[in-house]
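Structure, as structure tokens:
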Amino acid sequence: MNSSPSTSPSEVVDIIGVGAGFSGLYLAHRLTTAGWTFAGFEAGPSVGGTWFWNTYPGARCDVESIYYSYSFDEALQQEWTWSERFAPQAEILSYIEHVADRFDLRKHFTFNTRVVGATWNADDRLWEVQLGNGEKRRSRYLISGAGGLSTPKDFDVPGLKNFTGLQVSTSRWNISLDDLAGKRVAVIGTGSSGVQAIPLIAQVAEHVTVFQRTPNYVMPARNSELPVEQIQSIKDDYLEIREECRHSIGGIPERPVTDRAFDVSDEERQRRYEAAYQLSGFNGVGAEFIDLLTDPEANRTASEFIHNKIREIVKDPATAELLVPKYHPLGGKRSCFGTDYYETFNRPNVSLVSLRDEPIETMTANAIVTSQETYEADALVLAIGFDAFTGPLYGLNLTGESGKKLQEAWQDGVRTYLGIMTADFPNFFMVAGPQSPALASNVVMTIEQAVDWIADLIEHARDNGATRVEATTEGQNDWVNISEETVADTLYATTDSWYRGSNVKGKPNTFMGYVGGVGKYRRMCTEIAKRGYPGIAID
Ligand code: N01
């Protein structure tokens, strides 16, 4: 597993790829099929990326698996059968392993090997890449498939080092659920990871104390087994379904919604929210009217609908009020989809602490101490999220043509061209990078589009005898403006979350995604390619 397939330290490969998750594997497949030499490096011991590391109880994708899967090979999508509507982590990992084996992709990667630095050599037009094992490699192009949610956020909880009980984080889960059986468990964080893990931990623990800073909108995932007939009908129509996804807003089939929240009567609106609540998923309540993410008053109607659902489900009124998400609009930060999440707070062995009312001051060896109370615990689960997008990229320690690090180039905020390239870092590409549609889409679809586009671009360069491609400052400025203008019209702009970098202390506030839709983005990218790549200097 550890032998590097196509590189020796002296050899120059066409492409070095970072990561062996969804992005890295498709990069390896697409680029080697096109005849490029490719050497991939993966920090982990095997393929899978996000789905290798996030093994916490309840981890599953909240985009339906029939869409959250590769579309590039019709035989692959015909032969693989998903068991559930939202596949659990283990099944997604098996799928990724199947793809790696089916297309013989493991041979392109060196595992247990992290890329820890890369410097652009302007004279030779090569990236000089430093590996964690001390070795160096050189390549014409360097492509990051390091993912957006792969660098855990610093464990910035006061007093953490004092706690001597069992400690585990959702993003690096290394225990079994049984290890929490009969224990008093403290869980910090109520984003998508916490929301999935808490109900299952509550089933085995003696007691669970949930420490919540910001209540989130959690809608029922409504996961179920996939009926055989539905699987068959999807497979029969897979090519058309994928095409629809490619031209959609979020990379999944859309509900055809054209009216606004106040176009209908109050009764009709409630009736529609109720029906949408039964659907759930990203096509549920938040997608019922077209203005829910742009008009705060329209959004209020949907937000209050969910508030009332929480009050209906949670029996203790004081706990229900703490769980009601009143600090941001529905969809402003990423919605969560859970199974029995609010119901879990009706269990006698679950209690909720609102960190807005009583912040954590410190910890002792066996307790979390807030401004009001001391909560004893035998185990501590951190579900506090990621240093999204820039964390993994800064971890590559890139030095550009001017000698500046990427983190210096972006010290006032992320600046990219299409979320794929950035000026001063020639021949460097990001798959599913910041300011791409990755944040607000079925990311597998976004990954395939980016990889195909990058492959076409470097082929175009090769055909024209060029060895250097770089985003121009003008092209980049235009894209930053487009992506900022697109988000400025939405309620994302009003909400603090990892979407804006506001979950990490000191991180400049830039929105990390393009939210104009994957279909529109694809059309723009295709048009740019057709026009000979304006916004990119190719020589
Ligand atoms: O992380 P998060 P996540 N003290 O950042 C709290 C994807 N994902 O791992 O909101 C106390 O969303 C923080 O509070 P606040 C998905 O895109 C998908 O859950 O900052 N609390 C928040 O409650 C998702 O959005 C799936 O006030 C602290 C929580 O910890 C993204 O990954 C499953 C704290 C962090 O929530 C990230 O999700 C899992 C502190 N110092 C993940 N620091 C599915 O597909 C943070 N918090 C279902």
Report, ordered by the first and then the second residue, all pairs with beta carbons closer than 6 Å, sequence separation of six or more or different chains, a first member in the range 449-461 that is modelled with pLDDT of 95 or more, and a second member that is of a type in the set (Gly, Ala, Ser) and part of a helix (DSSP H, G or I). 456/529
Starting from residues that are under 24 Å from the mean Cα position of the chain (by Cα), charged (D, E, K, R) and open to solvent by 60 Å² or more (accessible area, probe 1.4 Å), keep the ones in the range 241-299 and report whichever is farthest from residue 78 (Cα to Cα). 255
Select, from 50, 37, 33, the only residue that is of a type in the set (Val, Ile, Thr), within 13 Å of the ligand (Cβ to nearest atom) and open to solvent by 40 Å² or more (accessible area, probe 1.4 Å). 50
For the range 421-539, which strands (runs of 3 or more DSSP E) that fit wholly inside it have 1 or more residues that are within 21 Å of the chain's Cα centre (by Cα)? 428-430
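Residue by residue, here is whether (1) of a type in the set (Phe, Trp, Tyr); (2) within 13 Å of the ligand (Cβ to nearest atom); (3) modelled with pLDDT of 95 or more holds:
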| site | (1), (2), (3) |
| --- | --- |
| 214 | no, yes, yes |
| 219 | no, yes, yes |
| 226 | no, no, no |
| 237 | no, no, yes |
| 243 | no, no, yes |
| 246 | no, no, yes |
| 253 | no, no, no |
| 256 | no, no, no |
Contact list please: Cβ distance under 6 Å, first residue in the range 85-101 and within 16 Å of residue 225 (Cβ to Cβ) and open to solvent by 20 Å² or more (accessible area, probe 1.4 Å), second residue part of a helix (DSSP H, G or I) and more than 13 Å from the ligand (Cβ to nearest atom), pairs at least six apart or on different chains. none
Anything in the range 155-168 that is open to solvent by 50 Å² or more (accessible area, probe 1.4 Å) and more than 9 Å from the ligand (Cβ to nearest atom)? List them, or say none. 161, 162, 164, 166, 167
Subset of the range 349-360 that is of a type outside the set (S, T, N, Q) and within 12 Å of the ligand (Cβ to nearest atom) - its residue that is surrounded by the most Cβ atoms within 10 Å (Cβ to Cβ): 353
Inspect the range 371-390 for any residue being without any contact (Cβ under 8 Å) to a residue 40 or more places away in the chain, closer than 23 Å to residue 214 by Cβ and within 14 Å of the ligand (Cβ to nearest atom) and give the result as yes or no. yes
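Table: residues versus (1) among the hydrophobic types (A, V, I, L, M, F, W, C); (2) more than 13 Å from the ligand (Cβ to nearest atom); (3) surrounded by fewer than 24 Cβ atoms within 10 Å (Cβ to Cβ).
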| site | (1), (2), (3) |
| --- | --- |
| 130 | no, yes, yes |
| 135 | no, yes, yes |
| 143 | yes, yes, no |
| 148 | no, no, no |
| 170 | no, no, no |
| 173 | yes, no, yes |
| 177 | yes, yes, yes |
| 188 | yes, no, yes |
| 196 | no, no, no |
Under the condition of being more than 20 Å from residue 392 (Cα to Cα) and touching a Ser or Thr at 6+ places or on another chain (Cβ under 7 Å), which residue from the range 116-128 is most open to solvent (accessible area, probe 1.4 Å)? 125
Could you please let me know if residue 426 is in contact (Cβ under 8 Å) with a residue 12 or more places away in the chain, within 14 Å of residue 521 (Cβ to Cβ), open to solvent by less than 10 Å² (accessible area, probe 1.4 Å) and not aliphatic (A, V, I, L, M)? no
Tell me which residues, restricted to the range 361-370, are within 14 Å of the ligand (Cβ to nearest atom) and among the polar types (S, T, N, Q). 362, 370
Mind counting the residues in the range 180-196 that are more than 24 Å from residue 498 (Cβ to Cβ), outside any strand (DSSP E or B) and not hydrophobic (A, V, I, L, M, F, W, C)? 2
Expected single match for modelled with pLDDT of 95 or more and open to solvent by 60 Å² or more (accessible area, probe 1.4 Å) among 81, 113 is 81
For the range 66-76, check the following and say yes or no: at least one residue is small (Gly, Ala, Ser), closer than 14 Å to residue 22 by Cβ and surrounded by 16 or more Cβ atoms within 10 Å (Cβ to Cβ). yes
Per-region count, the range 325-348, residues farther than 27 Å from residue 489 by Cβ and either touching a Cys at 6+ places or on another chain (Cβ under 8 Å) or more than 10 Å from the ligand (Cβ to nearest atom) (or both): 10
Look through the range 198-212, keep the residues that are open to solvent by less than 50 Å² (accessible area, probe 1.4 Å) and within 30 Å of residue 283 (Cβ to Cβ), and return whichever of them is nearest to the ligand (Cβ to nearest atom). 212
Can you find a residue that is open to solvent by 30 Å² or more (accessible area, probe 1.4 Å), on the phi > 0 side of the Ramachandran plot and either at pLDDT 95 or above or outside any loop (DSSP other than H, G, I, E, B) (or both) anywhere in the range 391-400? yes
Whichever residue in the range 300-344 is more than 24 Å from residue 279 (Cβ to Cβ) and not β-branched (Val, Ile, Thr) and, among such residues, is nearest to the chain's Cα centre (by Cα): 327
Is there a residue in the range 108-122 that is free of Cβ contacts under 8 Å to residues at least 60 places away in the same chain and under 27 Å from residue 234 (Cα atoms)? no
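The values are calculated or read from the model by the stated rules, or taken from the named source; none is laboratory data. Values in this document were obtained by computation on a predicted structure and should not be read as measured data. Using ideal geometry, Cβ is built from the backbone for each residue, glycine included, and neighbour counts are taken over all protein chains shown. Each accessible area value is taken on the protein alone, full model and side chains, heavy atoms only, with ligands, DNA and RNA left out. Shrake-Rupley method; radii C 1.70, N 1.55, O 1.52, S 1.80 Å.
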